[in-house]
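Novice: Let me give you the structure first, and then I'll get to my questions.
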Amino acid sequence: MLAQIVLFDGFDLLDALAPYEVLHAGGKASGGALRAELVSAEGPREVVSGVGGVPLRATAALDPARADLVVLPGAAGRVGEPGEVPDHGADADAGGGRQGEWREDEFIPVLLGRTLNTALPGLLKAAMDRPETTVATVCGGSLVLAMAGLLEGRNATTHHMGLDTLDATGVNAVRARVVDDGDLVTAAGVTSGLDLGLYLLEREVGPRIAHAVEELFAYERRGTPWRHHGPSPVAL
């Protein structure tokens, strides 16, 4: 099984590395049943994160025809005050849109929105259209899918500060740590990438492998995953 964790300029380090480390460890624990790699839409390159401009190297291109699992992180940057509007003119004047360039205090919505001007949305659509591929997201990664028009009518979650935005795009926004909607699995804010990785390990490789990695990382999963099947609660 091949898991591709997608990097884009301004990505959040923990969003990407938490599931990557969990899945990588799961691959070792399972004797090679799973392999994880860091990729970008453009292919092998240094990808600058939104956390202090720290880069990671994508070693391959995102390939929807090859990947069994695609994991999309969110972005790291400035949240802003309620009602505060990003200065797009200043962003353009400073060259903020150039690939591989990091600017301090960029707005997270701007970083996420920039992905729409790359090859990433088309590749993500191809992954979601492929029955054999599961697409997973951490934090604002689900907002990238939503902004690209790929989540309408689906069940998904994101960072709690973005749930209203997710809901406004026609998504059934669920307040849960991990949301399993079949071939779409989404996770909430930042550290939930650990929970996502362990949940995917349990689902795709087996609970004993997930438990072994959980023990290795000295981490206990939080929350109950929300699944798209089963009876709905009537009242509490």
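Novice: So, Val174, is that one closer than 21 Å to Leu124 by Cα and surrounded by 19 or more Cβ atoms within 10 Å (Cβ to Cβ) or not?
Specialist: no
Novice: For region 185-223, what are the residues that are over 22 Å from Gly31 (Cβ atoms), loosely packed, with under 13 Cβ neighbours inside 10 Å and at pLDDT 95 or above?
Specialist: Ala218
Novice: Going by the conditions given, is Val70 assigned to a loop (DSSP other than H, G, I, E, B) and of a type in the set (A, V, I, L, M, F, W, C)?
Specialist: The answer is no for Val70.
Novice: Quick check on this structure: which one of Gly182, Gly140, Gly230 is in contact with a helix residue (DSSP H, G or I) (Cβ under 6 Å, 6 or more places away or on another chain) and not aliphatic (A, V, I, L, M)?
Specialist: None of the other options fit; the residue is Gly140.
Novice: Go over the candidates Val70, Val79, Val39, Val48 one by one and state the one that is touching a residue at least 24 places away in the same chain (Cβ under 8 Å) and touching a Leu at 6+ places or on another chain (Cβ under 6 Å).
Specialist: Every option except Val39 fails the conditions.
Novice: Which residue, of Thr115, Thr133, is touching a helix residue (DSSP H, G or I) at 6+ places or on another chain (Cβ under 6 Å) and over 19 Å from Val47 (Cβ atoms)? Show your work before the answer.
Specialist: Working: Thr115 fails: over 19 Å from Val47 (Cβ atoms).
Just a single option satisfies the conditions, and that option is Thr133.
Novice: In region 207-221, how many residues are in contact with a helix residue (DSSP H, G or I) (Cβ under 9 Å, 6 or more places away or on another chain) and either hydrophobic (A, V, I, L, M, F, W, C) or not in a helix (DSSP H, G or I) (or both)?
Specialist: 9
Novice: For the subset of region 22-44 comprising residues that are in contact with a Gly (Cβ under 9 Å, 6 or more places away or on another chain) and surrounded by fewer than 17 Cβ atoms within 10 Å (Cβ to Cβ), which member is nearest to Ala65 (Cα to Cα)?
Specialist: Top of the filtered list is Arg35.
Novice: Do we find a residue being more than 29 Å from Arg114 (Cα to Cα), crowded, with 17+ Cβ neighbours inside 10 Å and in contact with a Ser or Thr (Cβ under 6 Å, 6 or more places away or on another chain) anywhere in region 151-169?
Specialist: No, region 151-169 contains no residue that is more than 29 Å from Arg114 (Cα to Cα), crowded, with 17+ Cβ neighbours inside 10 Å and in contact with a Ser or Thr (Cβ under 6 Å, 6 or more places away or on another chain).
The values are calculated or read from the model by the stated rules, or taken from the named source; none is laboratory data. From a predicted model like this one, the values you see are computed outputs, not experimental measurements. Methodologically, a virtual Cβ is constructed for each residue, glycine included, from the backbone with ideal geometry; neighbour enumeration extends over all protein chains shown.
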